[in-house]
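Only one structure is covered here, and it is reproduced in the block below.
What follows draws every value from the coordinates through simple rules; no lab data is involved. Source: prediction; values computed, not measured. Neighbour counts run over all protein chains shown; Cβ positions are idealised from the backbone, glycine included.
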């Protein structure tokens with residue numbers, strides 16, 4: 001449910017005023033907090049409370065492509081299959097041309113640059129520095145240029161201080177595995 005709400009909210013986000021986007025973000029956040037604790041769906045996709053921590057854009061002056069292409073940044077051909085899947089720190093999301101530093105524009109909800117906290121691009125690899133879930137990843141070059149590559153989300157703490165990473169026992173209460 002939460003992933004679906006976020007998906008719908010993000011689809012219309014670029015057409016909204018900043019106040020409406022903020023209200024949509026608040027609605028999605030409240031809906032996520034009210035969602036019952038649930039284990040990941042059978043296909044491995046999560047349906048747990050998350051919040052957006054960054055928007056990832058490819059600057060106009062940076063060339064990009066998908067394997068087996070050669071460009072400033074080369075993303076894996078199956079990049080879009082990582083949508084709504086929590087990835088551990090160190091997960092590789094692409095290759096970066098040697099000498100290219102900070103090839104992506106990564107901003108938080110206030111527009112602050114957070115790329116150095118989210119990505120590590122040493123050794124020609126683009127890796128996550130922390131556990132995150134990409135959302136709205138696309139391979140559509142026009143969408144990437146006009147909007148963004150993706151949003152990155154992290155888990156919200158669950159009510160009562162229990163992390164949403166906890167496993168549920170089939171009821172509304174959660175317990176540690």
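Multiplying the residue separation of residue 100 and residue 69 by 0.36 nm and removing their Cα-Cα distance gives an extension gain of 9.5 nm.
Sorting 55, 138 from the fewest to the most surrounding beta carbons within 10 angstrom yields 138, 55.
Rounded is the label for region 52-155, because the ratio a/c of its alpha-carbon gyration tensor axes (a ≥ b ≥ c) stays below 1.5. Translational diffusion of region 68-126, estimated by Stokes-Einstein from the Kirkwood radius over alpha carbon pairs at 37 °C in a medium of 0.692 mPa s, is 260 µm² per second.
The value of relative contact order for region 52-155, using C-alpha pairs under 8 Å at least six residues apart, is 36 percent.
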